[in-house]
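Quick note: the coordinates plus some simple rules give every number you see, no bench work behind them. What you are looking at is a predicted structure, and each value in this text was computed from that prediction instead of being measured. Every residue, glycine as well, gets a Cβ built from its backbone with ideal geometry; the counts of neighbours run over all protein chains shown.
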Amino acid sequence: MANSITTQVIEDGERYNITRVDFLLDTSNASETLIVDFPGMSLTHPPSSEVRLERIWYSIQDPIEVRLMWQADTSTAFMDIAGRGDEKFWVFGGLTNTATTGKTGSITMLTNGWASGSIGGSMVFQCVKCSSTTGLAAGRLLTESSDSLQAETGAFINIG
């Protein structure tokens, strides 16, 4: 048998992309593999150029550690995860790509810790499509009215 890494896009809307990743290692650690494919996502208005990671759920069998990276000319590691967890990054605005050249807006992974046998894990990524120049999310333009802000979705946010 060979290592396998599969992705499933659960949602690819105007604002959010939710992608599930399952992996099974039985021959070696996984080399860098694309797992959240920004260029493959549906178009947004206004146009997006990358994703902002807002949340990740994961369950990874011991002793594996997964390194998450922003894809670029030289991929930039932004987080190592192991075990089980639910990380909520929206509390401070989310994680954004810090690579300087050749960034694609996508996320890749590799693993460390495989020694023998079959070891696996699952991860779910909740991403917001956004502009790398403004950091604003797609599909949620806000316009000012007298005492509230109204999203294009019709929801009101009271600021008074």
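Summary of computed values
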read-out: Ser116-Ile10 pseudo-label distance in nm [points 7 Å out on the Cα-to-Cβ vector]; value: 3.6
read-out: Dipole in debye (nearest 20) - segment 1-113, about Cα centre, beta carbon charges: Lys, Arg +1; Asp, Glu -1; value: 220
read-out: Nitroxide proxy distance, nm - points 7 Å out along Cα→Cβ at Thr100 and Glu65; value: 2.6
read-out: Among Met41, Val124, Leu68 - extreme Cα towards positive end, dipole of segment 41-128, charges at beta-carbon; value: Met41
